[in-house]
Amino acid sequence: MEKVRIIHTFQKNPEEEVRFTLKEYKDRQYLDLRLWFHSSTGGEYFPTKKGLTLSLDYLGELKKGLDRAGKEALELARHETLNPVK
């Protein structure tokens, strides 16, 4: 049986949210970053195929990439190429 724990969510738009979940499958742990859509009937959210599932072995590399993306976005914003990042 698959065990799932929601770690973080944020609203992408009125119909979609992004979920970070930790999953255990066949005695291995994974991080799943996935787009979920809001059902117009019943109000539930359902997962889409749009996402990424990684072994927790890659969590450090994912963090490095996100940190670098954040720094690059701030640098671009300083040069007024992009709007400032929140």
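The values are calculated or read from the model by the stated rules, or taken from the named source; none is laboratory data. Since the structure is predicted, the reported quantities are computational estimates derived from the model, not experimental observations. Note that each Cβ is placed from the backbone with ideal geometry, even for glycine, and that neighbours are counted across all protein chains shown. Heavy atoms of the whole protein, side chains included, go into the accessibility calculation; ligands, DNA and RNA do not. Shrake-Rupley method; radii C 1.70, N 1.55, O 1.52, S 1.80 Å.
Right, Arg19: open to solvent by 100 Å² or more (accessible area, probe 1.4 Å), within 27 Å of Asp57 (Cα to Cα) and under 17 Å from the mean Cα position of the chain (by Cα) or not? No: the conditions fail for Arg19. Consider Ser40 carefully, then state whether it is in contact with a strand residue (DSSP E or B) (Cβ under 9 Å, 6 or more places away or on another chain), surrounded by fewer than 11 Cβ atoms within 10 Å (Cβ to Cβ) and not basic (Lys, Arg). Criteria not met by Ser40. The set of residues in the range 4-16 that are closer than 12 Å to Arg34 by Cα and open to solvent by less than 80 Å² (accessible area, probe 1.4 Å) comprises Thr9, Glu16. Which of the residues that make up the range 25-35 are open to solvent by 50 Å² or more (accessible area, probe 1.4 Å) and of a type outside the set (Ser, Thr, Tyr)? Lys26, Asp27, Arg28, Gln29, listed by residue number.
Check whether at least one residue in the range 55-63 is in contact with a helix residue (DSSP H, G or I) (Cβ under 9 Å, 6 or more places away or on another chain) and open to solvent by less than 50 Å² (accessible area, probe 1.4 Å), and report yes or no. So far as the range 55-63 goes, no, none of its residues is in contact with a helix residue (DSSP H, G or I) (Cβ under 9 Å, 6 or more places away or on another chain) and open to solvent by less than 50 Å² (accessible area, probe 1.4 Å).
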